[in-house]
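The values are calculated or read from the model by the stated rules, or taken from the named source; none is laboratory data. The structure presented is a predicted model; accordingly, all values stated were derived computationally and were not measured. Cβ sites come from the backbone with ideal geometry, for glycine too, and all protein chains shown count toward neighbours. Each accessible area value is taken on the protein alone, full model and side chains, heavy atoms only, with ligands, DNA and RNA left out. Shrake-Rupley method; radii C 1.70, N 1.55, O 1.52, S 1.80 Å.
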Amino acid sequence: MIYILILLIIGFIVFSFRFAWWAKNISYEYPRVLMYHMISRHLPKNKSKFNRLRVKPNEFEKQLCWLKKNGFSSYTLSELVLLEKIPLKSVVITFDDGYKDNFTNALPLLQKYGFKATIFIVNNRFDGSWATDKDLNKKSDELNSEEMLSDDDIIQLLKSEIIEIGSHTLNHANLPSLNSDEKFHQINQSKLEFEAKFGINCTAFAYPFGFFDNDSVKCVEKSKFSCATTTVNSVFTPRYSKFEIPRIMISGRQGILSFILKIKKGRSR
């Protein structure tokens, strides 16, 4: 009996640390900007650390259903920053990199529940070396083998009228490691290419890996983006500029309870 009690106590401590259920809820006057990568049915058998980037479609649907039932309003990132007054329970769904399943799996569910999304796409996503493991600082064969959005996919996404295409640099560049000219080229040229190819006004940007410095922010502003996201774990309060918007990461390793707590607490843990 004592061992069962000890296990229960340990389980409660782990649960509390992981989900921070005890933390204060953050007011819904502050919008939640959510960060996704893939909506994927296929998980590598090696229990890859990148599985946190792979949210299963059925879990994504549960999340959208909960947001819908609880009265959340959906915006693209560029729409959000143009609002004079942000309504209560505003949410922005974002996807990084430009994976094929954003079209095949995410779009139908977004349409079903009436939600918009901003997808930050790497221009040179087909060269087989754009994706790197930031922990090991080397190319990730696993991520580079993922199927990416084609130009035709992007055209269909735009035709849906619920998807905004944003920039994620030409090569998923680690911006702070570059000099000013290289940073500006990665940021500005990415925008220009998307605008020329798809006939859009590309105004939203996401810093690859969430890595940025003051010079990176200046290059984003100089390139005439209207907003940019980071991976800072928080909600979008007045303390953050529209070029350093925080996001809440939604992990493929956690279920609907974790998602609900993240929305209420306004942070990833």
Whose amide H sits under 5 Å from the amide H of Asp133, counting only residues 5 or more places off or on another chain, with H placed in the peptide plane? Lys138, Lys139, Ser140
Please list the radius of gyration and Dmax for the chain, considering alpha-carbon atoms only, with Å as the unit. 18.7, 69
Restricting to lysines and to Cα separations under 28 Å from Lys62, and discarding same-chain partners fewer than 8 apart, the set is Lys24, Lys45, Lys47, Lys49, Lys89, Lys100, Lys112, Lys116, Lys159, Lys262, Lys264, Lys265
Using a cut-off of 13 Å between alpha-carbon atoms, which aspartates and glutamates can reach Lys56, once sequence neighbours fewer than 8 places away in the same chain are excluded? Asp101
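Taking 0.36 nm per intervening residue step and subtracting the Cα-Cα distance, what contour gain separates Asn233 from Asn124 on full extension?
Values: separation 109, 0.36 × 109 = 39.24 nm, distance 2.76 nm.
Gain in length upon complete extension: 36.5 nm.
Run the helix sum for the chain: -39,500 (n - 2.57) per DSSP H stretch of 4+ residues, divided by residue count, reported at 222 nm to the nearest 500 deg cm²/dmol. Spell out each step's value before the answer.
Values: 9 runs with 95 residues, N = 269.
Result for the chain, helices only: -10500 deg cm²/dmol.
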At what distance in nm do the modelled label points of Lys68 and Arg52 sit from each other, each positioned 7 Å from its Cα along Cα→Cβ? 3.0
Can you give the FRET efficiency for Arg253 and Asp152, using 1/(1 + (r/R0)^6), R0 = 41 Å, r = Cβ-Cβ distance, to the nearest 0.05? 0.80
Taking a ≥ b ≥ c as the square roots of the eigenvalues of the Cα gyration tensor, with a/c under 1.5 meaning rounded and otherwise prolate when a/b exceeds b/c and oblate if not, the range 74-212 is prolate
Arg253: accessible area at probe 1.4 Å, nearest 10 Å²? 120
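How much length would be gained if the chain were fully extended between Gln111 and Arg41, taking 0.36 nm per residue of separation minus their Cα-Cα distance, in nm to one decimal? Walk me through the numbers before you get to the answer.
Details: separation 70, 0.36 × 70 = 25.20 nm, distance 1.87 nm.
Between Gln111 and Arg41, full extension yields 23.3 nm more.
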Run the simple label-point estimate for Glu61 and Lys85 please: 7 Å along Cα→C-beta, distance reported in nm. 3.8
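Set the Förster radius R0 to 25 Å, insert the Cβ-Cβ distance between Lys197 and Ser145 as r into 1/(1 + (r/R0)^6), and round the FRET efficiency to 0.05.
Details: r = 25 Å, r/R0 = 0.98.
It comes to 0.55.
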Would you kindly derive the ³J(HN,Hα) couplings of the range 214-224 from the backbone phi angles with the Karplus curve 6.51 cos²θ - 1.76 cosθ + 1.60 (θ = phi - 60°), listing them in order in whole Hz, with x for Gly and Pro? 4, 5, 4, 4, 4, 5, 5, 5, 4, 7, 6
